[in-house]
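First comes the structure, then the notes that go with it.
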Amino acid sequence: MSNSGSTWLKVRNRYRIYAVWLLAVVPVAYSFWHYWGVWSTFFGALAGHWLFWQAIVAYLYDKTIWPGGATPEAGNVVRGGVVAFAVTGYVVMFFYFF
């Protein structure tokens, strides 16, 4: 493994808990601010965010990513593609329910 790969793993492992909490709390705050009173949209936005959130968390903790079933043994390209889709979906959820 190259030095840049091990540096990335050290940084990822050191700060992943902060990223996980930030990615979990921001949609809740956003949904309270944006969708208060429209409960079907409120809970739909949270469900969408948390679906993509759990895929990001699974990647950060080297677990099987669901949906998609990308196991840790699947390789960096497959897991990278699945997590890129999850991050894109997570961001798109902020704009979806207008």
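For the chain, the longest principal axis of the alpha carbon atoms and the long axis of helix 76-96 meet at an angle near 20°.
Summarising the label geometry, the points placed 7 Å from Cα in the beta-carbon direction at Thr64 and Tyr96 lie 2.4 nm from one another. Helix 39-60 and the long axis of the chain differ in direction by around 10°, with both axes built from C-alpha atoms. What do you get for the angle between helix 3-35 and the principal long axis of the chain? Use alpha-carbon atoms, 0 to 90 degrees, nearest ten. Tilt of helix 3-35: around 10 degrees. Among Gly69, Tyr30, Val11, whose Cα projects farthest towards the positive end of the dipole of the chain, with charges put on the beta-carbon of Lys, Arg (+1) and Asp, Glu (-1)? Looking along the dipole axis, the top candidate is Val11. The Cα-based radius of gyration of the chain, divided by its Kirkwood radius, gives an Rg/Rh of 1.04. Here the accessible area of the chain is 71 percent carbon and sulfur, with a 1.4 angstrom probe and all protein chains present.
Note on Thr88 and Ala24: the model spin-label points, each 7 Å out from Cα along the C-beta direction, lie 2.7 nm apart.
With protein chains left intact and a 1.4 Å probe, residues in the chain average 66 Å² of accessible area per residue.
The values are calculated or read from the model by the stated rules, or taken from the named source; none is laboratory data. None of the values given here were measured: they were computed from a predicted structure. In this analysis, Cβ positions are derived from the backbone assuming ideal geometry, glycine residues included, and neighbour counts consider all displayed protein chains. Side chains included, ligands, DNA and RNA excluded: accessible areas come from the protein's heavy atoms. Shrake-Rupley method; radii C 1.70, N 1.55, O 1.52, S 1.80 Å.
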